[in-house]
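Every number in this text was worked out from the coordinates using simple rules, so none of it is lab data. In this text the structure is predicted, and so the values were computed from the model without any measurement. Every residue, glycine as well, gets a Cβ built from its backbone with ideal geometry; the counts of neighbours run over all protein chains shown.
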Amino acid sequence: MALYAIGDIQGCDEELGRLIRKLRFNADRDQLWFVGDLVNRGPDSLGVLRRIRALADNAIVTLGNHDLHLIAVAFGAAKLRKSDTLTKVREAADFESLLAWLIERPFMHEDRGRGLALVHAGLAPQWDMRTARLCARQAHEALTHDPEVFLRGMYGDRPVQWNERLSGADRARFITNVFTRLRYLRADGSLDMKEKEAPSGAAADLIPWFKFETAQWRGTHIVFGHWSTLGYFRDGNVTSLDTGCGWGNELTAVRLDSADAEPISVGCARYAKS
């Protein structure tokens, strides 16, 4: 069995189809991990959702911030933005079933046997893997139990510092921001939710979340996306897979069960608007 992870698709279904064919994916033996942000910016979010849902147990998906935005719009907790390309999804006859499937996707997937975990954006430095597991489960349960309450409290950048005593909407918001929006930390381990540039262009006092020296999650290899300006990056701790599909760059996959695997990419048209 081959295990591949695929970066942010952002509604680019034609490119996803080409990439899957390039991988020579075989449903009898292979599995695909998707880092989230299946939808938005590209022209065919509906096709992406249908294609990945049809993969059934061959696909593992974690929720991204754009996926949560679609869910929030559906429940009236957010409005469509001018840059959104989600109208076709919302008008589809099978939208309700696709929405129900999407809501059930986790915030983190872990394969303890392989020492791998899949998230959309990152992990808080104060979390060991047991805490990350607990937080992912709590956020998932809150979203699926009462989506309207969860989604109404989801938006905002605070709190920025983890505290085990956080509760209610503050706890859910912090957890959601870490799993779906995190890029940088400050020296005290607090979240910076503003900077989007690559490390080479960011302020000197900002630390990429995966570079925080005392991070408690170390020991597990984290696969993530969300950070198109970072692009493809792989070392002993992390694999970053957002290579800007939708911005006219590439959609990228990498084989996770082979330490020496090179990334496999297809070119993408530019759909996103700055």
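For the chain, how big is the tail of P(r) above 26 Å, as a whole percent of Cα pairs? Taking all Cα-Cα pairs of the chain, the fraction more than 26 Å apart is 37 percent. Projecting the Cα atoms of Gly225, Ala169, Gly7 onto the charge dipole of the chain, computed from C-beta unit charges around the Cα centre, puts Ala169 farthest toward the positive end. The slack between Asn237 and Glu96, meaning 0.36 nm per residue of separation minus the straight C-alpha distance, is 47.0 nm.
Of all DSSP-defined beta bridges confined to the stretch 3-267, some 55% are antiparallel rather than parallel.
In terms of packing, defined here as the mean over residues of other Cβ atoms within 10 angstrom, the peptides 87-100, 114-127, 25-38 line up highest first as 114-127, 25-38, 87-100.
With a Förster radius of 35 Å applied to the C-beta separation of Leu23 and Asp170, the computed FRET efficiency comes to 0.30.
Modelled spin labels at Asp128 and Arg53, positioned 7 Å past Cα toward Cβ, are 4.0 nm from each other.
Counting only residues at least eight positions apart within a chain, or on another chain, the aspartates and glutamates with an alpha carbon under 15 Å from that of Lys22 are Asp13, Glu14, Asp30, Glu250, Glu262.
Taking label points 7 Å from Cα along the Cα-to-Cβ direction, Asp257 and Lys82 give a separation of 4.8 nm.
By the count of other C-beta atoms within 10 Å, a proxy for reagent exposure, Ile222, Ile9 are ordered fewest to most as Ile222, Ile9.
You can think of it this way: the chain between Glu148 and Arg270 has 40.6 nm of extra reach, that is 0.36 nm per residue less the Cα-Cα gap. Taken about its Cα centre, the chain carries a charge dipole of roughly 300 debye when the Cβ of each Lys and Arg holds +1 and the Cβ of each Asp and Glu holds -1.
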